[in-house]
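The structure appears below as C-alpha cells.
Since every read-out is calculated from the coordinates, none of them should be taken as a lab result. All of these numbers come straight from a predicted model, not from anything done at the bench. Methodologically, a virtual Cβ is constructed for each residue, glycine included, from the backbone with ideal geometry; neighbour enumeration extends over all protein chains shown.
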Amino acid sequence: MEDSRILASSLTFLETLATNNNREWFAENKETYISAQSNIIAFIDQLILLMNTHDAIENESGKKSLYRIYNDVRFSKDKSPYKPRFAFSLQRATKLKRGGYYMNIEPGNNYLACGFFSPNPEDLKRIRKDIELNFKDWRKILDSKPIKDNFVELTGSTVPTFPKGFPKDHEAIDLIRHKQFILRYNFTDQEVIDPRFVHNVNEIFKSVRPFFDHLSVVLTTDLNGEIKV
C-alpha cells in the first residue's frame, strides 16, 4: 500500500485561504479546496488503518472524521467565513477504552493532541481522586520514556488554586488542578509534508497508550477496583 502523504499544495491552499478568507475567493477556488480536502481524507483513512493495528478506533472513515472548514459565525467573535485549517478527531471504540485523538493541520500551527479534553464532572472527580491516591503511578506514566520523548508536559486548562475537597498542599496538586488532561506535539510544515508523516503520527499516538490504559481502568472502576455497571 502506497503511503498517503500530505501534499505541499494542501498547505499552500490553507495559507492562501488565510489571506483571502472570503466567499468570493473560496467559490473561485472550490476545486483546489476539494483537491486539498481529498488529500487530507486519504491521509486520515490510512492513519485509521495504522492505528487499528494497536488500538480500536470507532471512526469509519477519514471523511466522517474531518471537521467542517466552514466557520459558524453565530457564536464566534471571528466572523471569517472559513477556518484556514484541516482538523479531525479519532474516538476510541467502546466505553471501556477512554481518551481521544485530535489533529490540526494549519501552516505554522500544526499539532496533534491526545487525552481527555472535556471530562464530565463525575469523571473529572474520579480522575482527581486517583491522582490523590496514586500520584506516584501518574508520575511514573508521565515521566516514562515514550511519553517524555514525544511530549513536554501535561497541558490543558486548570483551576487557579485547588479543587474543592482536595488538599491544597498535596504533592501532586499540580496534576489535581487540571480540568483537562492533554498531551500535545507540534510539527513544522516540513514535517507535515514528509513522506513518512502518517507513520510518525501513528507512532506518537501509540506512545500514549500507557496513559490511556491507566485512565480507562480508572474511569470504568470505582475506588474499590470494582467494575462500574
>> Suppose R0 equals 45 Å. What FRET efficiency, 1/(1 + (r/R0)^6) with r the Cβ-Cβ distance, do residue 35 and residue 180 give to the nearest 0.05?
In response: 0.80
> P(r) of the chain in 10 Å steps, Cα pairs, percent per bin?
Replying inline: 7, 29, 31, 21, 10, 2, 0
> Non-local amide H neighbours of residue 158 (under 5 Å, H modeled in plane, Pro and chain starts lacking H): which ones?
Replying inline: 179
>> On a full-extension model of 0.36 nm per residue, what is the gain between residue 193 and residue 161, subtracting their alpha-carbon distance, rounded to one decimal in nm?
In response: 7.3 nm
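Which longest run of the chain has no exposed loop site in it, a site being GluC sites (Glu not before Pro) in a DSSP loop with at most 13 other beta carbons within 10 Å, and the site itself not part of the run?
Details: sites that count: 2, 58, 60, 153, 171, 226.
Here the longest segment lacking exposed loop sites spans 61-152.
For region 49-84, which trypsin sites (Lys or Arg not before Pro) pass both filters: DSSP loop (anything but H, G, I, E, B) and at most 15 other C-beta atoms within 10 Å?
Numbers: sites: 63, 64, 68, 74, 77, 79; in loops: 68, 77, 79.
Filter output for region 49-84: 68, 77, 79.
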> Once fully extended, how much extra length lies between residue 9 and residue 223, figured as 0.36 nm per residue of separation less the alpha-carbon to alpha-carbon distance?
Replying inline: 71.9 nm
> Whose amide H sits under 5 Å from the amide H of residue 221, counting only residues 5 or more places off or on another chain, with H placed in the peptide plane?
Replying inline: 228
> Can you list the lysines whose alpha carbon sits under 19 Å from that of residue 125, skipping same-chain ones fewer than 8 residues off?
Replying inline: 95, 97, 136, 164, 168, 179, 228
>> How big is the dipole moment of the chain about its Cα centre under a simple scheme where the beta carbon of each Lys and Arg is +1, that of each Asp and Glu is -1, and everything else is neutral? Debye, nearest 20, please.
In response: 760 debye
>> With the crude spin-label approximation of a point 7 Å out along Cα→Cβ, what separation in nm comes out for residue 16 versus residue 133?
In response: 5.8 nm
>> Can you compute the modelled spin-label distance between residue 125 and residue 49, with each label point 7 Å from Cα toward Cβ, in nm?
In response: 4.6 nm
> Once amide H atoms are placed 1.01 Å from N in the peptide plane, what residues at a sequence separation of 5 or more from residue 82, or on another chain, have their amide H within under 5 Å of its amide H?
Replying inline: 71
> Hey, with R₀ at 30 Å, roughly what FRET efficiency would residue 2 and residue 111 work out to, going by the Cβ-Cβ distance, to 0.05?
Replying inline: 0.70
